[in-house]
Every structure is written in C-alpha cells, then in structure tokens.
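Worksheet: one structure, shown below.
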Amino acid sequence: LEGYSRINHTYDWFYNKDLYPLKKVQYENETYFAPNNIERWLQYEYANYMSYPNDVGIPLHEGYKENYILHHKPTVEFYLIDAFEIYHFLPFYYYFEKNGIYSTFIAEPPEINTSKEWFDYDTAIHVLELNGVRYKKKSNYNVDFVFTTQDASLINKYKGKKIHLSYGVGLRINAFSVSQRTINGFDIKLVHGNYEYQTARKINDKIHIIKIGYPKYSRSKTSKYLYDLLEKQAELTAKNIHNKPILLYFPTWGSASTIDAYASQINGLREQFFIITKAHHCTYRLESENEHRRIICEISDIVLEGNFPFIDAALLGKTAICDAVSGAATEIPYLNPDIKLILLFSPIKKYNQYLPFMDKYAACIESPCQLKEKVIEIYKNDFLQSNRNHILKDLYESQSQEGFNELRKIIVAGGK
C-alpha cells in the first residue's frame, strides 16, 4: 500500500501525490492550505461535487467560514467603551490582518456594554463603518486575546489573555496610563516609551511589557493626516481679520477642567491673540458639559468641532495653553515640537501632584491672575522648549516594528 493514504474514510484510498505537498490557495481574501490535486480531493470527498447541494439557497457559508477561522486562527477582539479608542486600535487591526490574526472590533450597545451609558455607541458605529473594518455588536468571550485602553475589570468577562494599550502619557503622579488599574490584571502592557516601561515594571515586574511607540500617530508626518492642513490654516488666517497670532487652548473636561476658573483671563487674551479652542471629546457630547460648551464658545474666536483631528489642531498654532492634568500636555508638543507651551494647574488642588521634572518641562500657571503676563512672556521666548523635547524622547518613542513583531509572535503562539 505504499504511496496511499487512508485519510478519515473507512473505504477507498487516496494517493499521497494527490494530497502532498499541500499548496496555498486564495479564497475570499483569505489564504488556506489545500491538497495538491484539489479536483481529485473533491471527487474523493464528494462523489457528485458538481451537482447542486441539497441546501442550495440556504445562506450557511459565511457561518462555516467564520467557524473555521475561529477554530484555526489566533483571534483578537478590541473591546470598545468609547469611539475615540477605534483610532488607537486601527494600526493593530491592519497589522493583524496582514499577518494572519483574525481581529474584530466589539461595539456592544450601552445596555450590555460594560461601561453602560458611557459608551458613545452611535458615533462608534459611524467610525467603524467609515473605516470599513470588521466589527460585531456582541463579544465572543472565548477569543484568544482582548484589547482595552481601560481597566481590566471592564473585560473580566473574557476568558482569553488581556492586553492593555496606553494612549498618551500623563504628567501627574500615578497618571492613569501607568497606574495599577491599567497594569494589574493584564497579561500584556503596551507602552509608548521608556518612562512608562520602567514605571510599569516597578508596579508589576511579572507582566509582559512591550514598547510600541504611538501607533495612532505613526503616519503623523504624511499627507494622510496633513493633506488639507494648509487649507485650514489659510481659512483661519482669512477669518483672523486683525492678523493676530493664533493661541490654541486645550482644556480637559469635568471638575478638573480650567474652563470655569480661567474663562475670563482666556477671553482677555483675545486682545493680543486669535483664540482657537479644541476641547476634550467628552465636552462635546456629555449633557453635564453643557455649561462648559457655552463658555468656550463665548471666549474663543473659533471652537473646533469635536471630530476635528487632534494632530491638525496641535499644528494650527505656535503657542498653546493646555490643562496640566490632561494627556494633551504631552501629546501636543510630541506632535508639534516647535510649540510654545503653557500649562494650567487644576482649580482642584488634589489633582496638582506632578512628576518631578514638571518645572523643567513647561511654564506652569497656578493662579488665573498670572496667565496674561506668562503667555506674553512664553510667546516671545519659551526657554523650556528644548528641554521639554528632550524629556519627550523618554515619554514617546518612534513606532517600534520590533514591538509589533514581538506582540504578533505572542498572539500566534498563544492562539489556536
């Protein structure tokens, strides 16, 4: 019987040469291994394979395909509790698609989402549809790996391994991105650079930590993000009838925001500057932020819409005021190294506990009465700019292909 294979049948035989070597075939944008002689295999498995099947017209095929994938490929889900996370996960989704890892965005409606009513569900669905990515409205608790940008408790219903993705580096001591809430309970922690890496190791040296850079902004210097920036700047300049320099204002949301405490002083700066405000995404959509929305409209020459790209906003001017508690305090100079930066302390003192290098990082304002003088001073000469950019190299590294490859190997090894 040399040269024959019995396969899984109790009758008949199949030539080895018709089975081996296996060859790769493309089917519906996926790659599969198939017998060397596909037609002979079909004849062996299905004697009348050219005839119509008994269930013709019944749409079962997609279910078969997905069931095959879920049992033979490593699987990943990106669990969403807010729409903004999609853009942070997209680089991983595209990378996984190219490398044989089956990944899906999960947008569970608020009634079953672990964050409940917090989830901006309609916006998330719109963004997912706009980007043409695979998504579902119900979790598969049995996938191999699940991503979140939030607490491990929000994905406890999953059986697979848990991955936390940082988004931005905060300047506060025990900032969210490197707190126990985003480290303990996870199997893998993805960080932007050396500072987060070392901090996470001190909290939990057993978790697998990977430096990944900031994938969301990996193409920040390309036309994909900046193709219309000059047009936007020209439009803003045209509206700026007094030809005043642009001053960007980036307040955070909620009780830690400086909007209430600094509104009058920000408005007073309009004598010398053209004020453009880009508020936190929660300010644009939460009912509790109605008053803040009203105030920023009164004190600004232009309020950028909620979905205005953050990177474009960071590049619209040469001077920026930002709330020190916000992650934007590091993202803005990371995206725009030439920016002149003023940070506002929160009106609530308990929030104002910052990292030791804070006084070397940016000009900080603790009282509204100091604002006008400090803004004019920094506009003329931001003496901390060079030092700040040096610090940022420790906070944010370039996107790491090695980090992506390391993550892929872990997922493939731990998958199906």
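Only one of these conditions is not met by K360: (1) open to solvent by less than 60 Å² (accessible area, probe 1.4 Å); (2) without any contact (Cβ under 8 Å) to a residue 60 or more places away in the chain. Which number is it? So the condition that K360 fails would be (1). The residue list D122, D82 contains one member that is within 17 Å of H281 (Cα to Cα) and open to solvent by 60 Å² or more (accessible area, probe 1.4 Å), which is D122. Annotation: of all residues in region 364-391 being open to solvent by 10 Å² or more (accessible area, probe 1.4 Å) and aliphatic (A, V, I, L, M), the one that is nearest to A320 (Cα to Cα) is I376. Which members of region 268-304 meet the condition of being in a strand (DSSP E or B) and surrounded by fewer than 19 Cβ atoms within 10 Å (Cβ to Cβ)? The answer is I302, and nothing else.
Taking region 178-193 as the range and being farther than 15 Å from L355 by Cα and either open to solvent by 10 Å² or more (accessible area, probe 1.4 Å) or in a helix (DSSP H, G or I) (or both) as the test, the residues that pass are Q180, R181, T182, N184, G185, F186, D187. A single member of Q265, Q233 is in a helix (DSSP H, G or I) and at pLDDT 90 or above, and it is Q265. Close Cβ contacts (under 9 Å, 6 or more residues apart or on different chains) running from residues in region 252-264 that are touching a residue at least 40 places away in the same chain (Cβ under 8 Å) to residues that are surrounded by fewer than 16 Cβ atoms within 10 Å (Cβ to Cβ) comprise S255/I348; A256/I348; D260/E291. Which count do you get for residues in region 103-119 that are within 18 Å of the chain's Cα centre (by Cα) and either crowded, with 18+ Cβ neighbours inside 10 Å or of a type in the set (V, I, T) (or both)? Number satisfying all stated conditions: 7. For region 194-210, residues that are of a type in the set (D, E, K, R) and either open to solvent by less than 10 Å² (accessible area, probe 1.4 Å) or touching a Phe, Trp or Tyr at 6+ places or on another chain (Cβ under 6 Å) (or both) total 1.
Looking only at residues that are more than 18 Å from Q180 (Cα to Cα) and among the β-branched types (V, I, T) in region 191-230, which one is modelled with the lowest pLDDT? Across region 191-230, the extreme among qualifying residues is T222.
The values are calculated or read from the model by the stated rules, or taken from the named source; none is laboratory data. All of these numbers come straight from a predicted model, not from anything done at the bench. Neighbour counts run over all protein chains shown; Cβ positions are idealised from the backbone, glycine included. SASA here: full protein model, heavy atoms, side chains in, ligands and nucleic acids out. Shrake-Rupley method; radii C 1.70, N 1.55, O 1.52, S 1.80 Å.
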